[in-house]
Amino acid sequence: MSTETNPPGADLPEHPDFLWHNPDPKKTYDVVIVGGGGHGLATAHYLVKNHGITNVAVLEKGWLAGGNMARNTTLIRSNYLWDESAAIYEHSLKLWEGLEDDLGYPILFSQRGVLNLAHTEQDIRDSVRRVEANKLNGIDAEWLGPEEVKRICPIINISEDIRYPVQGATYQPRAGIAKHDYVAWGFARRADEAGVDLIQDCEVTGFTVDGDRVTGVRTSRGDIGCGTVALCAAGHTSVLLDHLGVRAPLQSHPLQALVSELLEPVHPTIVMSNAVHVYVSQAHKGELVMGAGVDSYNGYGQRGAFHIIERQMAAAVELFPVFARAHLLRSWAGIVDVTPDASPIIGHTPYENVFVNAGWGTGGFKATPGIGWCFAHTIANGEPHPYVAPFSLDRFTTGALVDEHGAAAVAH
Amino acid sequence: MQLIHCPWCGPREEVEFHYGGQAEIAYPERPAELSDQEWAEYVFYRDNPKGAFAERWSHSAGCRRWFTAVRDTHTYRFSSTAKPRRTGVRV
Ligand SMILES: Cc1cc2nc3c(=O)[nH]c(=O)nc-3n(C[C@H](O)[C@H](O)[C@H](O)COP(=O)(O)OP(=O)(O)OC[C@H]3O[C@@H](n4cnc5c(N)ncnc54)[C@H](O)[C@@H]3O)c2cc1C
Ligand SMILES: [Zn+2]
């Protein structure tokens with residue numbers, strides 16, 4: 001529950017006067033990370049911190065953390081169904097719990113809990129099953145009836161007369177939100193301090209290849225040699241893999257979100273519904289932050305279709321009648337890369353020294369510290385960290401899928 | 001929201017349509033001879049270009065027929081829509 005007593009936003013920290021340098025690329029690096037979003041920056045941080053590897057560049061085609069990292073709705077939770085997912089997301093959640101100290105930077109991690117609503121008999125069965133699976137994995141999870149849902153989130157409409165009445169919810173109290181920009185800046189500042197080159201406005205446009213090794217990357221700022229390449233390009237991973245002649249089962253889709261004007265604190269937790277495709281939390285400053293589903297078709301345009309927002313707002317107003325008077329301030333989209341089993345693809349590629357981290361789709365923000373940690377280990381050791389080993393590209397051939405559509409698809 | 005040109009009904013609103021992914025994915029000619037990798041590619045792998053993409057759409061709230069469209073995945077502009085090619089298989 002929110003314990004804020006100050007006006008919303010009053011306790012937001014001041015920006016520091018210095019964040020990171022803006023260096024020109026060197027001729028060569030031990031590790032070149034493509035993509036300066038949360039995942040790329042966290043990977044750089046843990047390469048230094050856990051493995052002592054500092055000759056690292058993070059190459060970002062736009063501005064640092066201006067992709068999905070700046071566009072997501074910041075929900076953090078670990079209540080996934082399968083053991084493989086529970087392991088990596090819970091590892092990440094534990095890191096979130098200590099991240100402010102690790103980074104020496106405020107990230108406004110607020111553990112206000114998440115309610116995942118159930119609207120049908122089958123939703124109830126699936127939810128209870130997921131709660132039990134979570135408990136077996138040591139993850140905090142409970143099943144709540146409609147009255148208990150209302151106790152945690154008083155503004156929710158639990159009337160039986162709405163189109164999809166609330167039949168209950170799963171609840172993870174340790175779930176929460178963080179301030180995504182601050183998270184990126186915290187990682188960036190730490191990595192910069194440790195000697196990592198964060199290079200903006202530097203698009204990777206191709207690779208130089210020698211047999212089954214990549215010897216360098218071609219960029220809009222010249223060729224850069226590398227020992228290892230780590231792809232953290234989220235929605236643009238297919239474009240990069242195409243340069244290498246490597247295929248992966250990824251499809252890029254626009255995913256939209258929107259915020260309302262600032263309101264006083266009305267919404268103390270996070271509420272998500274897969275069935276009616278809306279989820280809501282209230283940001284630190286007071287905006288209602290809402291997300292919906294992905295647009296059905298492939299897209300790289302960082303904008304989505306209006307009817308998706310229309311549907312999402314209809315669902316939100318039915319669940320939260322008080323929202324009817326809130327004004328929409330702005331909406332935007334990111335490009336997310338989805339896989340057939342709604343789980344990420346991490347690890348080896350056909351090139352010996354190229355590693356991929358992609359396919360987090362609509363839900364990779366919560367994984368930021370966890371994947372940074374495990375991907376750094378993978379790069380440093382040339383072998384996947386045990387937590388990410390199940391997410392290799394070859395699972396689509398062996399059939400060992402990690403089918404997280406129930407816990408991951410659409411909801412974040 | 002944009003207008004999509006159904007080859008049978010003409011321009012209709014986007015909400016009337018259903019997306020079907022990449023076009024012209026042919027069922028394997030000799031399924032029994034496929035390796036696991038080839039099966040994986042048939043079932044799970046699709047192109048994901050940033051640019052022109054040939055894809056299937058169904059006019060699900062109209063004539064309910066499938067057609068092929070070429071659309072730019074960056075600008076979202078449709079450059080053509082056409083009735084599906086005959087392949088011997090029912091389309
Ligand atoms: C609207 C929306 C809401 C979301 N909500 C949530 C949520 O609530 N919780 C959650 O867990 N997840 C959420 N996500 C998903 C989450 O944002 C992503 O899974 C995650 O951010 C992906 O990792 P990243 O941060 O590294 O990606 P990004 O921040 O997108 O980083 C990739 C970077 O690579 C760069 N890049 C691409 N190609 C090149 C190139 N050729 N050369 C150089 N640089 C390149 C891009 O510019 C980009 O900055 C949401 C996403 C969106 C769009
Ligand atoms: Zn038609």
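Determine the equivalent ellipsoid of the range A:98-246 by diagonalising the alpha-carbon gyration tensor, then write out the semi-axes as square roots of 5 times the eigenvalues, largest first, rounded to whole Å.
Value: 45, 21, 15 Å, ordered largest first.
Among A:Val128, A:Leu59, A:Phe18, whose Cα projects farthest towards the positive end of the dipole of the range A:1-139, with charges put on the beta-carbon of Lys, Arg (+1) and Asp, Glu (-1)?
In the range A:1-139, that residue is A:Leu59.
Taking Cβ-Cβ under 4.7 Å as the only way to count a partner, pick out the unpartnered cysteines of the protein assembly as shown.
When partners are defined as cysteine Cβ atoms under 4.7 Å apart, the protein assembly as shown leaves A:Cys153, A:Cys202, A:Cys226, A:Cys232, A:Cys374, B:Cys63 without one.
Return the sequence-ordered ³J(HN,Hα) values of the range A:275-292 in whole Hz as given by the Karplus equation 6.51 cos²θ - 1.76 cosθ + 1.60 applied to θ = phi - 60°, using x for Gly and Pro.
Karplus values, whole Hz, x for Gly and Pro: 5, 9, 6, 8, 9, 9, 9, 10, 5, 4, 6, x, 5, 7, 9, 10, x, 10.
Please compute the Cα-Cα pair-distance distribution of the protein assembly as shown with 10 Å bins starting at 0, giving whole percents from short to long.
4, 19, 29, 27, 17, 5, 0
For chain A, modelled as a GNM with alpha-carbon contacts under 10 angstrom, which of A:Ala326, A:Ala57, A:Ala184 fluctuates the most?
In the Gaussian network model the winner is A:Ala326.
Sequence-distant or interchain residues sharing an amide H contact under 5 Å with A:Ile345, placed H: which?
A:Ala358, A:Gly359, A:Trp360
Using just the C-alpha positions of the range A:196-313 as equal point scatterers, what log10 of I(q)/I(0) does the Debye formula give at each q in 0.09, 0.10, 0.18, 0.23 1/Å?
Debye curve over Cα of the range A:196-313, log10 I(q)/I(0) at q = 0.09, 0.10, 0.18, 0.23 Å⁻¹: -0.43, -0.51, -0.96, -1.25.
May I ask you to order A:208-216, A:380-388 by the average number of other C-beta atoms within 10 Å around their residues, highest value first?
In descending order of packing, they fall as A:380-388, A:208-216.
With each label point set 7 Å from Cα along the Cα-Cβ vector, what nm distance links B:Arg12 and B:Ile25?
It is 2.3 nm.
Counting alpha carbon pairs within less than 8 Å and at least 6 residues apart, what relative contact order, in whole percent, applies to chain B? It would help to have the intermediate numbers written out before the result.
On the way: 132 pairs, mean separation 24.1, N = 91.
Dividing the mean separation by the residue count of chain B yields 27 percent.
Hey, which of these cross-link pairs are over 28 Å Cα-Cα: A:Lys150/A:Lys285; A:Lys61/A:Lys366; A:Lys135/A:Lys285; A:Lys26/A:Lys94; A:Lys49/A:Lys285?
A:Lys135/A:Lys285; A:Lys26/A:Lys94; A:Lys49/A:Lys285
State, as an integer percentage, the relative contact order of the range A:279-412 based on alpha-carbon contacts under 8 Å between residues 6 or more apart.
Computed value for the range A:279-412: 23 percent relative contact order.
Restricting to DSSP H runs of at least four residues, report the calculated mean residue ellipticity at 222 nm for chain B, -39500 (n - 2.57) per run over all residues, nearest 500 deg cm²/dmol.
-3000 deg cm²/dmol
Using 0.36 nm per residue of separation minus the Cα-Cα distance, give me the extension gain between A:Val266 and A:Thr28 in nm, one decimal.
The A:Val266-A:Thr28 span can extend by a further 80.5 nm.
What is the sum of charges around A:Gly186, taking Lys and Arg as +1, Asp and Glu as -1, for the other residues whose C-beta is under 10 Å from the C-beta of A:Gly186?
Result for the neighbourhood of A:Gly186: 0.
For the range B:10-91, what Kirkwood radius comes out of the mean inverse Cα-Cα distance, in Å?
14.3
I'd like the antiparallel share, as a percent to the nearest 5, of DSSP beta bridges with both residues in chain A.
70
What net charge do the residues around A:Val322 carry, taking every other residue with its C-beta under 14 Å from that of A:Val322, with Lys and Arg at +1 and Asp and Glu at -1?
-1
Which residues, if any, in the range B:1-35 lose at least 20 square angstrom of accessible heavy-atom surface (probe 1.4 Å) when the other protein chains sit next to their chain rather than the chain being alone?
Hits at the 20 Å² cut-off: B:Met1, B:Glu14, B:Val15, B:Tyr19.
Ignoring any ligand, DNA or RNA, what whole percent of the accessible area of the protein assembly as shown comes from carbon and sulfur when the probe is 1.4 angstrom?
For the protein assembly as shown, the apolar C and S fraction of the accessible surface comes to 50 percent.
With a Cα-only, solvent-free Debye model of the range A:1-110, what are the log10 I(q)/I(0) values at q = 0.12, 0.16, 0.17 Å⁻¹?
Log10 of I(q)/I(0), two decimals: -0.58, -1.00, -1.11.
Roughly how big is the A-B contact, given as buried accessible area in Å² (both sides, 1.4 Å probe, nearest 100)?
2200
For chain A, what does the relative contact order come out to in percent, with C-alpha contacts under 8 Å and a separation of six or more?
Numbers: 961 pairs, mean separation 97.1, N = 412.
For chain A, the relative contact order is 24 percent.
Would you mind giving the mean number of other chain beta-carbons within 10 Å of the Cβ of each residue in A:246-254, as a whole number?
If you average over the peptide's residues, the count of other-chain Cβ atoms is 4.
Would you tally the net charge around A:Gln256, using a Cβ to Cβ cut-off of less than 13 Å, leaving A:Gln256 out, and scoring K and R as +1, D and E as -1?
+2
Choose one of A:Ile308, A:Thr339, A:Ser296: the residue whose Cα lies farthest towards the positive end of the charge dipole of the range A:277-347 (beta-carbon charges +1 Lys, Arg; -1 Asp, Glu; about the Cα centre).
Selected residue: A:Ile308.
Would you mind getting the accessible area per residue of chain A, heavy atoms of the protein chains only, 1.4 Å probe, in Å²? Spell out each step's value before the answer.
On the way: 15850 Å² over 412 residues.
Roughly 38 Å² per residue, with all protein chains present.
Principal axis extents for the range A:273-365, Cα atoms only, whole Å, descending order, please.
56, 30, 24
The values are calculated or read from the model by the stated rules, or taken from the named source; none is laboratory data. Note that the structure is predicted; figures quoted are calculated from it, not measured. Cβ: placed from backbone, ideal geometry, glycine included. Neighbour counts: every protein chain shown. When the accessible area is computed, the model is the full protein with side chains, heavy atoms only, and any ligands, DNA or RNA have been set aside. Shrake-Rupley method; radii C 1.70, N 1.55, O 1.52, S 1.80 Å.
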